[in-house]
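Read the structure below first, then the notes.
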Amino acid sequence: MTARAGVPQRDVDVAVIGAGVIGLAVAAALSGRCSVAVLERRPSYGRENSSHNSGVIHAGIYYAPGWLKTSLCVEGNRLLYAWADEHAVRVRRLGKLVVAFDEGEVAALERLAQAAAANGVPELRMMGGHEVRSLEPAVSAVRALYSGTSGVVDQMGLMRSYVDVARAGGAHFAFQHTVNEIRRSGGGFVVAGAGPDNGTFQIAAGAVVNAAGLGADRIGALARYHPDGGPGHPAFRQYVNKGRYYDIVDGRKAAGISHLVYPLPHEGREGLGVHLTLDIDGGLHLGPDAEWLDEGAALDFRAADDRREAFLNAARRYLPQLEADDLQPGQVGYRPKLSGPGQPARDFLVFADRGYVHLGGIESPGLTASLAMARRVAALLPSSAFPEANIS
């Protein structure tokens, strides 16, 4: 790239840190409009949260009015189905049932339906117990909220499509590159760290997008922002919440399920509660549960069979015929959260400061919101960061 007068030499216009679904969507959105490098510490893309989740395409039912989680999920749902159609990514628009198991839950379910409709979530309707049983004969519920735009996606196929579009637009991917230093220099940034085979790297970028997921607070601290907040920037310290899944392996007992089936969210319960999800290939899964990790605890994506009884008890609310031998341990995922145990839930954090964009607490519905989030990030990057192009 040729430097203009007064503009330092740059290797790329934008360095994206993190090759999960959000970082990849950002790279796809920016490529072809400016030069992009994606830096990822793992050997390939999507090795952490982006491939260790249910693959659900959310509708935006659960989130507070005015939150980014709400608006980006509703917008992202629409964009994701359109992208999948254009790029031959496998999706299944299954529909979701949020169920009330007894009359005591009906009022809360109706409030949830009203709030979701007020937030612009489309294709919602309430169902009585008879209609629920006509859709899911094995599920016992007195009422349900039906969401017609909920579904599932092939997560790896989606991320592969983002990579393909980004590469076609000229983006470069550097795997096994761990960022250990970020400093401002000449109106841009120098990003440095450890590469493969005990090597090091250093690149000059006009802007930096921190899409590091579970490591976003560490990257933010490298960029000289304090995790607990400071003058001109919010707190972005993250807490990690572990979620386990179990798979239902008895095909006869799983064969009748054709929708996503969720319990009613309860105040004080972490996550949405153990629910029934179908994956893109038709497999039936339970989960996730929720467990807080101590700060600095190692992430272990291996499945352990230590929650079978708890999952079985939760699952029997939906499928009373299940037995312990019908379950086997499934995948494990981790949620980066901006609120810790006992604290009120917080929205996604999208913070921009002079060419640095911080994406914090990007848990569910991050996959659904990925394309909408990428559009927002692109709009936040200053034109001064792009000596060769204007992405506004």
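Report whether or not Leu319 is crowded, with 22+ Cβ neighbours inside 10 Å, modelled with pLDDT under 90 and in contact with a Lys or Arg (Cβ under 8 Å, 6 or more places away or on another chain).
So Leu319 passes the test.
Looking at Gly193, Gly220, Gly215, which is the one that is assigned by TED's automatic domain parsing to the domain that holds Val26, part of a helix (DSSP H, G or I), touching a His at 6+ places or on another chain (Cβ under 8 Å) and closer than 22 Å to Pro336 by Cβ?
Result: Gly220 is the single residue among Gly193, Gly220, Gly215 that is assigned by TED's automatic domain parsing to the domain that holds Val26, part of a helix (DSSP H, G or I), touching a His at 6+ places or on another chain (Cβ under 8 Å) and closer than 22 Å to Pro336 by Cβ.
Does Arg376 satisfy the criteria of being basic (Lys, Arg), under 19 Å from the mean Cα position of the chain (by Cα) and assigned to a strand (DSSP E or B)?
Against the criterion (basic (Lys, Arg), under 19 Å from the mean Cα position of the chain (by Cα) and assigned to a strand (DSSP E or B)), Arg376 does not qualify.
Is there a residue being modelled with pLDDT under 95 and either acidic (Asp, Glu) or part of a helix (DSSP H, G or I) (or both) anywhere in the range 87-103?
Within the range 87-103, one or more residues are modelled with pLDDT under 95 and either acidic (Asp, Glu) or part of a helix (DSSP H, G or I) (or both).
Scan the range 48-84 for residues that are surrounded by fewer than 21 Cβ atoms within 10 Å (Cβ to Cβ), under 13 Å from the mean Cα position of the chain (by Cα) and assigned to a loop (DSSP other than H, G, I, E, B) and report the count.
Summing the residues that are surrounded by fewer than 21 Cβ atoms within 10 Å (Cβ to Cβ), under 13 Å from the mean Cα position of the chain (by Cα) and assigned to a loop (DSSP other than H, G, I, E, B) in the range 48-84 gives 1.
Tell me whether the range 61-69 contains one or more residues that are more than 22 Å from Asp289 (Cβ to Cβ), in contact with a strand residue (DSSP E or B) (Cβ under 9 Å, 6 or more places away or on another chain) and among the small types (Gly, Ala, Ser).
So far as the range 61-69 goes, no, none of its residues is more than 22 Å from Asp289 (Cβ to Cβ), in contact with a strand residue (DSSP E or B) (Cβ under 9 Å, 6 or more places away or on another chain) and among the small types (Gly, Ala, Ser).
In the range 325-346, which residues are buried (at least 17 other Cβ atoms within 10 Å of the Cβ) and over 21 Å from Asp294 (Cβ atoms)?
Asp326, Leu327, Pro329, Gly330, Gln331
Cβ contacts < 6 Å: first residue among the β-branched types (Val, Ile, Thr), restricted to the range 279-294; second residue assigned to a loop (DSSP other than H, G, I, E, B), any location; separation 6+ or different chain. Result?
Ile280/Arg90; Ile280/Asp154
Can you name the number of the only condition in (1) more than 20 Å from the chain's Cα centre (by Cα); (2) modelled with pLDDT of 95 or more; (3) surrounded by fewer than 17 Cβ atoms within 10 Å (Cβ to Cβ) that Arg133 fails?
The one condition Arg133 does not meet is (2).
For the range 220-260, name all the residues that are among the aliphatic types (A, V, I, L, M) and over 23 Å from Ala345 (Cβ atoms).
Within the range 220-260, Ala221, Leu222, Ala223, Ile248, Val249, Ala254, Ala255, Ile257 qualify.
Within the range 261-294, track down each residue that is in a loop (DSSP other than H, G, I, E, B), crowded, with 16+ Cβ neighbours inside 10 Å, within 20 Å of the chain's Cα centre (by Cα) and at pLDDT 90 or above.
Answer for the range 261-294, where residues must be in a loop (DSSP other than H, G, I, E, B), crowded, with 16+ Cβ neighbours inside 10 Å, within 20 Å of the chain's Cα centre (by Cα) and at pLDDT 90 or above: Asp279, Ile280, Pro288, Asp289, Ala290.
Can you say whether Ala304 is closer than 27 Å to Ala212 by Cα, over 18 Å from the mean Cα position of the chain (by Cα), outside the structural domain of Gly251 (by TED's automatic domain parsing) and hydrophobic (A, V, I, L, M, F, W, C), as far as the supplied structure shows?
Answer is no for this residue.
So Glu181 fits all but one of (1) surrounded by fewer than 23 Cβ atoms within 10 Å (Cβ to Cβ); (2) modelled with pLDDT of 95 or more; (3) in the same structural domain as Ser258 (by TED's automatic domain parsing); what number is the exception?
(3)
Among (1) more than 22 Å from the chain's Cα centre (by Cα); (2) in a loop (DSSP other than H, G, I, E, B), which single condition is Thr149 missing?
Of (1) more than 22 Å from the chain's Cα centre (by Cα); (2) in a loop (DSSP other than H, G, I, E, B), only one is false for Thr149: (1).
Hey, does the range 234-250 have a residue that's of a type outside the set (Lys, Arg), at positive phi and surrounded by fewer than 20 Cβ atoms within 10 Å (Cβ to Cβ)?
Looking through the range 234-250, none of the residues is of a type outside the set (Lys, Arg), at positive phi and surrounded by fewer than 20 Cβ atoms within 10 Å (Cβ to Cβ).
Which condition number does Gly157 fail, the rest of (1) touching a Leu at 6+ places or on another chain (Cβ under 9 Å); (2) surrounded by 16 or more Cβ atoms within 10 Å (Cβ to Cβ) being met?
So the condition that Gly157 fails would be (1).
The values are calculated or read from the model by the stated rules, or taken from the named source; none is laboratory data. These numbers come from a predicted model, not from an experiment. Note that we place each Cβ from the backbone using ideal geometry, even for glycine, and neighbour counts take in every protein chain shown.
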